[in-house]
1. Quick check on my filter: what residues within segment 271-294 are within 21 Å of the chain's Cα centre (by Cα), assigned to a helix (DSSP H, G or I) and crowded, with 17+ Cβ neighbours inside 10 Å?
2. Among the numbered criteria (1) farther than 19 Å from residue 17 by Cα; (2) assigned to a loop (DSSP other than H, G, I, E, B); (3) at pLDDT below 95, which one does residue 337 miss?
3. Within the group 187, 180, 130, which residue is surrounded by 23 or more Cβ atoms within 10 Å (Cβ to Cβ) and under 21 Å from residue 325 (Cα atoms)?
4. Considering only segment 1-26, how many residues are assigned to a loop (DSSP other than H, G, I, E, B), at pLDDT 50 or above and crowded, with 17+ Cβ neighbours inside 10 Å?
5. Go through segment 314-337 and count every residue that is more than 21 Å from residue 209 (Cα to Cα), surrounded by fewer than 21 Cβ atoms within 10 Å (Cβ to Cβ) and out of contact with any strand residue (DSSP E or B) (no Cβ under 8 Å at 6 or more places or on another chain).
6. Free of Cβ contacts under 8 Å to residues at least 24 places away in the same chain, closer than 29 Å to residue 299 by Cβ and in a loop (DSSP other than H, G, I, E, B): does that describe residue 228?
7. I'm told residue 115 meets every condition in (1) under 22 Å from residue 67 (Cα atoms); (2) out of contact with any strand residue (DSSP E or B) (no Cβ under 9 Å at 6 or more places or on another chain); (3) outside the structural domain of residue 11 (by TED's automatic domain parsing) except one. Can you identify the failing condition by its number?
């Protein structure tokens, strides 16, 4: 799996935590959304509607603060400096990589806050890496993107325990529902045959089994764009209605597609879906995401150790495991399927 020689592996001298970014005040919300949707022709009225989701929380996305906590936890796990860069808001990854260059960093491992394959979940981060190195210019550090980690034992453990904790807050017999961010159907096989969907389904099965559930549902959420463009379904709101019609009295929603409390978690699930559940008379519990759990920092440290020691990936064994991809250097694609 390693693309590096022994001397290169041992020479990793920093870590870059690469994430999506989010506003940290009301005046930043619209500029942030304009960054996210640049070049996509999204009407301003649609951006204004989404902005209200952020303004409901004072214009602050939880994600940057969570990432800073995660960085502090990771720094306690490894003897390397950890830098923070975002795609869509400060600290921008271009500025961070330039600072890394100025600080004499030669080679850094890049940990992304996405466990999955696919364009938005993986390939776009390689584009961020290539763009940031180009912005830094001569002397830019080599950036080694760490692999996907949807079936790492600590990933499975964190969600398993989160489901157990959520189950204590609702009546027994609650229906377990896994959810992940939907994507356009046209993009489902961009990096391999139904790669993202297969990875989400596999991780859901691993977690459900570990949590003691033989029967569960796996759905999608937070679709956007024009209604005539098909996205992965069923949508979680439609599914909740169907569960209510079938007589379900309680649900546990596990946002397995998210490693932290993005706005799609705190608004789409904790606000809108919880409100829908109340209206339907369904007891509702949302399992926690990893956020800045110390085990999430240990997971990142383990991926870094895999790189430095050139050892095999740590995975929970299971039948029909989907491909594990995402490892690349300097923004190169790890597979031609992602081109």
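The values are calculated or read from the model by the stated rules, or taken from the named source; none is laboratory data. Computed from a predicted model, the values in this text were never measured in an experiment. Glycine gets a Cβ as well: all are built from the backbone with ideal geometry, and neighbour counts include every protein chain shown.
1. Across segment 271-294, the qualifying residue is only 273.
2. That leaves (2) as the condition not met.
3. Values: 187 fails: surrounded by 23 or more Cβ atoms within 10 Å (Cβ to Cβ); 130 fails: surrounded by 23 or more Cβ atoms within 10 Å (Cβ to Cβ).
180 is the lone residue from the list that is surrounded by 23 or more Cβ atoms within 10 Å (Cβ to Cβ) and under 21 Å from residue 325 (Cα atoms).
4. So in segment 1-26, the residues assigned to a loop (DSSP other than H, G, I, E, B) come out as 1-5, 11-13, 20-23, 25.
Imposing the further condition that a residue be at pLDDT 50 or above reduces the set to 11-13, 20-23, 25.
Then drop every residue that is not crowded, with 17+ Cβ neighbours inside 10 Å, which leaves 12, 20-23.
Summing the residues that are assigned to a loop (DSSP other than H, G, I, E, B), at pLDDT 50 or above and crowded, with 17+ Cβ neighbours inside 10 Å in segment 1-26 gives 5.
5. Number satisfying all stated conditions: 5.
6. Values: free of Cβ contacts under 8 Å to residues at least 24 places away in the same chain: yes; closer than 29 Å to residue 299 by Cβ: no; in a loop (DSSP other than H, G, I, E, B): yes.
It is false that residue 228 is free of Cβ contacts under 8 Å to residues at least 24 places away in the same chain, closer than 29 Å to residue 299 by Cβ and in a loop (DSSP other than H, G, I, E, B).
7. So the condition that residue 115 fails would be (3).
Here is a yes/no grid of residues against (1) modelled with pLDDT under 95; (2) farther than 30 Å from residue 277 by Cβ:
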| site | (1), (2) |
| --- | --- |
| 102 | no, yes |
| 113 | no, no |
| 138 | no, yes |
| 162 | no, no |
| 177 | no, no |
| 189 | yes, yes |
